[in-house]
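Beneath this line is the structure, given in structure tokens, with notes to follow.
No lab work stands behind these numbers, since they all come straight from the coordinates. Source: prediction; values computed, not measured. FYI the Cβ positions are ideal-geometry reconstructions off the backbone, even for glycines, and counts take in every protein chain you see.
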Amino acid sequence: MVSFEHSVGRRIPLHPNLISSLKLFVITPLFVVSMKPYEFFGPEHFIPVGVFLIFETLDYLDGVVARETVKTSLFGRVYDRLTDLPLYLVIAW
């Protein structure tokens, strides 16, 4: 039986470092949205949650693609962590 990660990792035609780069473009909308004041339970509350879920999905996928296509590298591991850092800074702020 083929695992879910194996089938997903083989079907995504992007390089894992490109997926990590896409995560950086998710940070900007998250930062802009987090600067806007909104009610806690208003409909705008779901925008940062949605952006965060997209970011985490991309974070998951870059690792799966790297492992399944045998494109793991030291640079890729460090770059993935560096692309996560802006999100942590936005959340901590």
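Once the other residues with Cβ under 13 Å from the Cβ of residue 80 are scored (Lys, Arg +1; Asp, Glu -1), what is the net sum? Here the count lands on +1. Between residue 56 and residue 78, the contour length at 0.36 nm per residue exceeds the alpha carbon distance by 6.2 nm. Summing +1 for each Lys or Arg and -1 for each Asp or Glu among the other residues whose beta-carbon sits under 15 angstrom from that of residue 62 gives +1. Take the Cα of residue 12, step 7 Å toward its Cβ, do the same at residue 92, and the gap between the two points is 2.6 nm.
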